[in-house]
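Everything on this sheet refers to the single structure shown next.
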Amino acid sequence: ILRIYINQIKEDEQINGHIIILEDITFLKKLETMRRDFVANVSHELKTPITTIRGFIETIQENHITDPQTLERFYSIIYDESDRLSRLVNDILVLSQLENKGGFDRKFEVLELNVEIKQIFDILKFSAEAKEITFLLTAEKPLKLELVADEFRQMMINLIDNAIKYSEPGKPVEVVLAENEEQVIIKVIDQGYGIPEKDVERIFERFYRVDKSRSKEKGGTGLGLAIVKHIVYNNGGTIKVDSHIGEGTEFVIELPKNED
Ligand code: ADP
């Protein structure tokens, strides 16, 4: 897509010539479309829980429901939906902060990655235990990297939380830490459902889910991997996925080491 500017060159009120400027705005237009799609998606995603909450409250009021069992069931749906709403708003905020901050205002500190991962295992202990999922950390030696702590934690929590969500009970989730000359390599490996080949490319898009009802049932917002991708890119890294249906999924993140 080209934007064209035409300007006359005048000298003594005489038109002497024209300047024509052609600007390629394909990328800008694409950004604009993406932004518009995102706003439409956000509105839709926010509306769904709000409609459900309102619907159940209206049903309780209009039908004068007093049966304790029915009420309990309805309240629990209302609670879950408001929970989803709050997770959505939180993820949208995190994404927009990641986009706006880009380079500055980020507090870097030296993180001991092994210690960090252990702490994240602790944070996710309860959801793992509920599914009898065991965590494993494999690392040849302790690794250090200068990063923004909140970003690193958010990235790992999203990946490990997905590994738990998209695995059958009883399966292990493994994090592998390794390094080469220039990079630190972090792998998150599960033996879960896997991702169909046609979807692998799209899972980092905002609100893209392979199985919408499964994601919603597990409390997903559809933004987790978009956030992970942002964090990886903000730190100059790359992320790859290797997945096989019914066998499991492996996310591989490579982050550049800090120059000493
Ligand atoms: P969600 O909130 O739906 O989990 P994400 O952005 O975190 O959103 O992930 C997008 C989609 O990618 C998920 O809905 C799921 O279908 C798929 N996915 C992500 N991680 C895994 C995994 N470890 N195993 C299988 N599928 C996964």
For this session: For region 21-98, divide the Cα radius of gyration by the Kirkwood radius and give the resulting Rg/Rh value with two decimals.
Result: 1.28
Exercise. What's the Kirkwood radius of the chain in Å, using all Cα pairs?
Worked result: 21.6 Å
Seminar exercise, completed: Over region 1-115, with neighbouring protein chains present, the accessible area per residue in Å² at probe 1.4 Å is 78 Å²
For this session: Return the distance in nm (one decimal) between the two label points of a simple spin-label model at ASN258 and LYS101, each offset 7 Å from Cα along Cα→Cβ.
Result: 1.5 nm
Seminar exercise, completed: Using the Cα gyration tensor of region 92-198, the equivalent ellipsoid's semi-axes, largest first and to the nearest Å, work out to 25, 18, 14
Exercise. In region 170-260, what trypsin sites (Lys or Arg not before Pro) fall in a loop by DSSP, with at most 15 other Cβ atoms inside 10 Å?
Worked result: ARG202, LYS218, LYS257
Exercise. What area, in nm² and to one decimal, does the C-alpha convex hull of region 149-236 cast on average over all directions?
Worked result: 6.4 nm²
Exercise. About its Cα centre, how strong a charge dipole does region 72-199 have in debye, to the nearest 20, once Lys and Arg get +1 and Asp and Glu get -1 at the Cβ?
Worked result: 180 debye
For this session: Could you pull out every one of the lysines with an alpha carbon less than 16 Å from that of LYS141, ignoring same-chain neighbours closer than 8 positions?
Result: LYS118, LYS187, LYS257
Problem set entry | Extension gain from ASP24 to LYS212, taking 0.36 nm per residue of separation minus the Cα-Cα distance | 64.0 nm
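So for HIS44, HIS230, what's the accessible-area order with a 1.4 Å probe, most first?
Largest accessible area first, the residues go HIS44, HIS230.
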For this session: Over 19 Å, how big is the tail of the calculated P(r) for region 1-145, in percent of all Cα pairs?
Result: 78 percent
For this session: Estimate the FRET efficiency between ASN41 and GLU11 by the formula 1/(1 + (r/R0)^6), using the beta-carbon distance for r and 45 Å for R0, to the nearest 0.05.
Result: 0.25
Exercise. What does the helix-only formula give at 222 nm for the chain: each DSSP H stretch with n ≥ 4 adding -39500 (n - 2.57), the total divided by the residues, and the result rounded to the nearest 500 deg cm²/dmol?
Worked result: -16000 deg cm²/dmol
Seminar exercise, completed: For the chain, the charge dipole (Cβ of Lys, Arg +1; Cβ of Asp, Glu -1; about the Cα centre) points to a positive end, and the Cα of ILE117, LEU145, LEU28 closest to that extreme belongs to LEU28
For this session: Give me the number: length gained by fully extending GLU129 to THR70, i.e. 0.36 nm times residue separation minus the C-alpha to C-alpha distance, one decimal in nm.
Result: 18.3 nm
Problem set entry | Ratio Rg/Rh, restricted to region 72-126 and using Cα atoms, in which Rh is the Kirkwood radius | 1.16
Problem set entry | Estimated inter-spin distance, ASN114 and ASP242, nm [label 7 Å along Cα→Cβ] | 2.4 nm
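The values are calculated or read from the model by the stated rules, or taken from the named source; none is laboratory data. Since the structure is predicted, the reported quantities are computational estimates derived from the model, not experimental observations. Note that each Cβ is placed from the backbone with ideal geometry, even for glycine, and that neighbours are counted across all protein chains shown. Accessible surface areas use protein heavy atoms only, side chains included; no ligands, DNA or RNA. Shrake-Rupley method; radii C 1.70, N 1.55, O 1.52, S 1.80 Å.
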